[in-house]
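The structure under discussion appears below in the form of structure tokens.
The values are calculated or read from the model by the stated rules, or taken from the named source; none is laboratory data. What you see is a predicted model, and the numbers here were worked out from it, not measured in a lab. We place every Cβ from the backbone using ideal geometry, glycine too, and count neighbours over all the protein chains shown. Remember, those area values only see protein heavy atoms, side chains included, never the ligands or the DNA or RNA. Shrake-Rupley method; radii C 1.70, N 1.55, O 1.52, S 1.80 Å.
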Amino acid sequence: MEALKTMAKLATRKFDVVIVGAGGSGMRASLQLAQAGLNVAVLSKVFPTRSHTVAAQGGIGASLGNMSEDNWHYHFFDTVKGSDWLGDQDAIEFMCREAPKVVYELEHLGMPFDRNADGTIYQRPFGGHTANYGEKPVQRACAAADRTGHALLHTLYQQNVKARTQFFVEWMALDLIRDAEGDVVGVTALEMETGELYILQAKTVLMATGGAGRIFAASTNAFINTGDGLGMAARAGIPLEDMEFWQFHPTGVAGAGVLLTEGCRGEGAILRNCNGEAFMARYAPTLKDLAPRDFVSRSMDQEIKEGRGCGPNKDYVLLDMTHLGTETILKRLPSVFEIGHNFANVDITKEPIPVVPTIHYQMGGIPTNINGQVVVPKDGNPNTIINGLYAVGECSCVSVHGANRLGTNSLLDLVVFGRAAGNHIIDTALKQKNFKDLPADSADRTLARLARLDSARDGEYSQGVANDIRACMQKHAGVFRTQASMDEGVAKIKAIAERVGRIGLKDNSKVFNTARIEALEVENLIEAAQATMISAAARPESRGAHAHNDYPSRDDANWMKHTLWYSEDNRLDYKPVKLQPLTVESVPPKVRTF
Ligand SMILES: Cc1cc2nc3c(=O)[nH]c(=O)nc-3n(C[C@H](O)[C@H](O)[C@H](O)COP(=O)(O)OP(=O)(O)OC[C@H]3O[C@@H](n4cnc5c(N)ncnc54)[C@H](O)[C@@H]3O)c2cc1C
């Protein structure tokens, strides 16, 4: 009765599909749906073209073969190997086969790719992408200078405006609404400008909230990347998959965290230690600086540990682009040139720039199948579909990236699975489906969270707690991990989680109360952080980005399986990796050398 009373006060709006997130994945899905005539709402904490996708620099992978011989089988092989055999091979095959189609589609939607002299799309080499099954680097990254994400996101936004997608800008989704059968029937959301809470009822909800890179102190990610979708899923009883696998990008500007795209090395940049040595040749004789990111980050860390770092504290290495020539740099890497000036006071045409491995990308997320449908273990089936819920993009785990993502495969993942999810929703004849009833307690969880924040006037300060989360993750879930350090991290993060429950607001005003928004974000950060720390401490092997000093080898016999972390009691479960692709032979596991 009480629940009904509170619900009656909340305004409710109805849509065929509510999409949470207006990055590349959300807007690729919304475009498909709006073009099919569905009533689609897209929510975003920021203006759509400010989503983190806008910051993607290097490129989008597709085996077009415009500049060197290539085909999707090579791309498939590289992605399976890059994933350190944790990727699901059905999803990887689907993505690599679809890649040329979705890239040409983007081209036809108006995306301004760089061009070759013959008019075809320019493609640059990228880490871990090879021809002939690892023999030599291939040119597969389709690029618009070093602003590929910018070009992609603006193209999608414009097409969505044309298709009449409805955008809810500066709206923050807070919780998923599930009915008694466990189906998802909508979300609660806060209009940030007014502070009003709404129920958005939907036949289908699609999560596209991006990554949670802000759980770490040194990150290339935007401030809005607080893992809200992960928090929403976790609170709604949905597990998070493979959260122990976080990618460190080798080349964040030392001290600033801002990214220098792998496209730099794609164009020929070289990593050097304090002796001026191009050290990657020692670690990866074939691919050298273009080995996959986990490999390069570890090699850099090793150089620094062994005393060959640069600078007064010997705590970074150098990325040298001086030999590329000013013309190439200004044409192919104009943003990198600016970043050098603005964040390191370095003219990259004249001197090398200090870099360190920096947190960049979450390989794990909300578990889905290749249609984007969210799947959970139930009644003996590890992949039971949750009706009414989809997830795509960085917040999801389909899993094409496994234990380590190859550069350019994320932008690809956004458009391939954004499109596939859109098509699948259309195929389920959503327009003809009825709305399910909203349960009486639809908004109770959210109302309780808001009430708790408002009442704890003298509670913990949210940014203090957030900083402690970041410091803990940085220290205990870094490039190299040890059991002792991870166990300590688990204890610390659980203690911080208790403090999250005591966060309070000094200012309870409604209009654009950014303190309230940040406090709500911390409740999402903590779910992503706990998932990461607890999943990591429970994996006694080294695979992809999870480099365990006490267990330096991969253990396929026992650990070729996906982790599932549940928020309730920090429970862990596991499910098998899908080793069978759709139509081709699977790539059998072997040791990764480059
Ligand atoms: C600096 C940088 C460079 C990169 N370069 C490349 C590259 O060259 N190639 C490549 O393949 N990948 C690259 N990546 C990775 C890739 O860009 C990202 O993985 C991808 O863009 C994520 O897209 P997304 O659609 O999942 O989410 P995002 O683009 O992060 O968008 C998330 C959306 O969700 C919204 N949102 C979040 N929470 C809420 C909420 N509670 N309520 C409402 N809305 C919400 C946000 O407002 C935003 O609109 C790069 C990443 C970074 C950080």
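Counting only residues that are aromatic (Phe, Trp, Tyr), over 19 Å from the mean Cα position of the chain (by Cα) and away from the ligand (no atom under 14 Å from the Cβ), give me the helices (runs of 4 or more DSSP H) lying completely in the range 1-105 with at least 3 of them.
Counting at least 3 such residues, we get 72-82.
Condition check ((1) touching a Leu at 6+ places or on another chain (Cβ under 8 Å); (2) not in a loop (DSSP other than H, G, I, E, B)) across all residues:
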| position | (1), (2) |
| --- | --- |
| Gly127 | yes, yes |
| Ala141 | no, yes |
| Ala145 | yes, no |
| His150 | no, yes |
| Ala189 | yes, yes |
| Ile199 | yes, yes |
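I'm told Ala440 meets every condition in (1) away from the ligand (no atom under 16 Å from the Cβ); (2) open to solvent by 40 Å² or more (accessible area, probe 1.4 Å); (3) touching an Asp or Glu at 6+ places or on another chain (Cβ under 9 Å) except one. Can you identify the failing condition by its number?
Single failed check for Ala440: (3).
In the list Thr408, Thr428, which residue meets the criterion of being among the hydroxyl-bearing types (Ser, Thr, Tyr) and under 18 Å from Ser30 (Cβ atoms)?
Answer to the selection: Thr428.
Cβ-Cβ below 7 Å, separation at least six or inter-chain, first residue in the range 142-158 and within 10 Å of Gly24 (Cα to Cα), second more than 8 Å from the ligand (Cβ to nearest atom) and β-branched (Val, Ile, Thr): which pairs?
The qualifying pairs are Leu153/Thr49; His154/Thr49; Tyr157/Thr49.
Being surrounded by 24 or more Cβ atoms within 10 Å (Cβ to Cβ), touching a Leu at 6+ places or on another chain (Cβ under 8 Å) and hydroxyl-bearing (Ser, Thr, Tyr) is true for just one of Ser63, Ser51, Ser44. Which residue is that?
Ser51
I need the full set of residues from the range 220-257 which are hydroxyl-bearing (Ser, Thr, Tyr) and either open to solvent by less than 10 Å² (accessible area, probe 1.4 Å) or assigned to a helix (DSSP H, G or I) (or both), in order please.
Thr226, Thr251
Select, from Ser399, Ser455, the only residue that is more than 13 Å from the ligand (Cβ to nearest atom), over 26 Å from Gln35 (Cα atoms) and surrounded by 24 or more Cβ atoms within 10 Å (Cβ to Cβ).
That would be Ser399, the only listed residue that is more than 13 Å from the ligand (Cβ to nearest atom), over 26 Å from Gln35 (Cα atoms) and surrounded by 24 or more Cβ atoms within 10 Å (Cβ to Cβ).
So which pairs qualify, if the first residue must be in the range 208-222 and under 23 Å from Leu176 (Cβ atoms), the second must be among the aromatic types (Phe, Trp, Tyr) and more than 6 Å from the ligand (Cβ to nearest atom), the Cβ gap must be under 7 Å, and the two must be at least 6 apart or on different chains?
Matching pairs, first to second residue: Arg214/Phe223.
Would you check if there is a residue in the range 138-145 being open to solvent by 30 Å² or more (accessible area, probe 1.4 Å) and among the basic types (Lys, Arg)?
Checked the range 138-145: no residue is open to solvent by 30 Å² or more (accessible area, probe 1.4 Å) and among the basic types (Lys, Arg).
Keeping to the range 419-437, report how many residues are at pLDDT 95 or above and either within 30 Å of Gly195 (Cα to Cα) or in contact with an Asp or Glu (Cβ under 9 Å, 6 or more places away or on another chain) (or both).
6
In the range 206-219, how many residues are in a helix (DSSP H, G or I) and more than 11 Å from the ligand (Cβ to nearest atom)?
1
Within the range 154-168, does at least one residue satisfy the condition of being open to solvent by 30 Å² or more (accessible area, probe 1.4 Å) and within 11 Å of the ligand (Cβ to nearest atom)?
yes
Quick one: how many residues across the range 262-278 are of a type outside the set (Lys, Arg) and within 16 Å of the ligand (Cβ to nearest atom)?
6
Mind telling me which of the residues Gly227, Gly186, Gly255 ends up being within 20 Å of Arg13 (Cα to Cα) and in contact (Cβ under 8 Å) with a residue 24 or more places away in the chain?
Result: Gly186 is the single residue among Gly227, Gly186, Gly255 that is within 20 Å of Arg13 (Cα to Cα) and in contact (Cβ under 8 Å) with a residue 24 or more places away in the chain.
In the range 1-26, how many residues are in contact with a strand residue (DSSP E or B) (Cβ under 7 Å, 6 or more places away or on another chain) and either at pLDDT below 95 or surrounded by 24 or more Cβ atoms within 10 Å (Cβ to Cβ) (or both)?
9
So, in the range 279-304, exactly how many residues are within 18 Å of Leu324 (Cβ to Cβ) and either within 16 Å of the ligand (Cβ to nearest atom) or in contact (Cβ under 8 Å) with a residue 24 or more places away in the chain (or both)?
Selection size over the range 279-304: 2.
Filter the range 349-395 for residues that are out of contact with any Ser or Thr (no Cβ under 9 Å at 6 or more places or on another chain) and of a type in the set (A, V, I, L, M, F, W, C); which is farthest from the ligand (Cβ to nearest atom)?
Top of the filtered list is Ile385.
Please find, within the range 370-409, the residue that is nearest to Arg419 (Cα to Cα) out of those that are without any contact (Cβ under 8 Å) to a residue 40 or more places away in the chain and not aliphatic (A, V, I, L, M). Reasoning before the result, please.
Initial filter on the range 370-409 (without any contact (Cβ under 8 Å) to a residue 40 or more places away in the chain): 375, 378-381, 384-385.
Then keep just the ones that are not aliphatic (A, V, I, L, M); that gives 378-381, 384.
On the way: Lys378: 27, Asp379: 30, Gly380: 30, Asn381: 26, Thr384: 22 Å.
The qualifying residue nearest to Arg419 (Cα to Cα) is Thr384.
Output the residues belonging to the range 501-528 that are open to solvent by less than 10 Å² (accessible area, probe 1.4 Å) and more than 16 Å from the ligand (Cβ to nearest atom).
Scanning the range 501-528 gives Ile503, Leu505.
Just the residues that are among the hydroxyl-bearing types (Ser, Thr, Tyr) and on the phi > 0 side of the Ramachandran plot, please, taken from the range 401-441. Before you say what the answer is, go through the steps one by one.
The first filter runs over the range 401-441 and keeps only residues among the hydroxyl-bearing types (Ser, Thr, Tyr), leaving 408, 410, 428.
Thr408, the sole residue that qualifies.
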